[in-house]
1. Take 58, 45 and order them by how many other Cβ atoms sit within 10 Å, fewest up front.
2. Report the extension gain between residue 53 and residue 29 in nm, rounded to one decimal, defined as 0.36 nm multiplied by the number of residues separating them, less their alpha carbon distance.
3. Just order 59-70, 10-21 by mean Cβ neighbour count inside 10 Å, highest at the front, would you?
4. Where does the stretch 16-115 land on Rg(C-alpha)/(2.2 N^0.38 Å)?
5. Roughly how many nanometres apart are two label points built 7 Å out from the Cα toward the Cβ at residue 146 and residue 75?
Amino acid sequence: MTMIRLNLTATPQWLDLAPGLRLLVGPLTTALMVSARADAAIEAMPDTATTEELALAMAKAVARRAVLDWEGVGDAEGEPVAVTPDRIDALLEIWPVFEAFQTQYVARGLILDAEKNASALSPTGPSAGAIATAPPAQTSVKTARQD
C-alpha cells in the first residue's frame with residue numbers, strides 16, 4: 001500500500017542541481033502549483049505549443065515562484081548574481097539544469113498526481129485509455145473439453 005508522507009515543515013531546502021550549483025527553494029505547495037499554472041507565460045502559450053515547450057514554460061513558472069536564493073550562478077565575468085525572474089528563466093534554458101530541477105523539485109509534486117489512481121485504465125468503458133499489451137489472436141481455437 002502506498003502511503004502519503006506529510007511533511008508539515010515549510011522550511012526551504014537546498015537542491016544540488018550540478019557541481020557547484022544549488023538552489024534554495026520553498027516548499028512545493030498546492031498554492032505554488034496553482035499559481036504557476038496561471039502564469040502569464042503559460043496562458044500566452046499558443047495552442048500549437050509542443051509538450052516540451054509547455055514543460056519548459058511550466059518549469060520556469062514554478063521556479064520563479066520557488067527559488068529563493070542560489071549559489072554558483074554568476075555573470076559573464078564570473079561574479080555572483082542575485083536571483084531575478086529573468087535569470088531564473090535563463091538558468092533553466094541550460095538542459096542539465098532544467099532536467100535536474102524537473103527531477104528533484106517539480107517531479108515530487110507530480111508523483112502524487114500520477115499515483116492518485118492505483119488502478120490501470122480499462123481499454124473500454126468510461127476509463128478508456130489503456131493500451132493492449134498483446135496482439136489479437138490470429139485464429140480462434142476450440143474450447144477445452146470439460147470432464
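1. 45, 58
2. Values: separation 24, 0.36 × 24 = 8.64 nm, distance 2.31 nm.
Length difference between fully extended and current span is 6.3 nm.
3. Averaged packing, sorted descending, gives the order 59-70, 10-21.
4. Working: Rg = 13.6 Å, N = 100, 2.2 N^0.38 = 12.7 Å.
Cα Rg divided by the expected 2.2 N^0.38 Å: 1.08.
5. 8.5 nm
Values in this text are rule-based calculations from the coordinates and carry no lab data. This is a predicted model, so every value here is computed, not measured. Quick reminder, even Gly has a Cβ in these numbers, built from the backbone with ideal geometry, and neighbours come from all protein chains shown.
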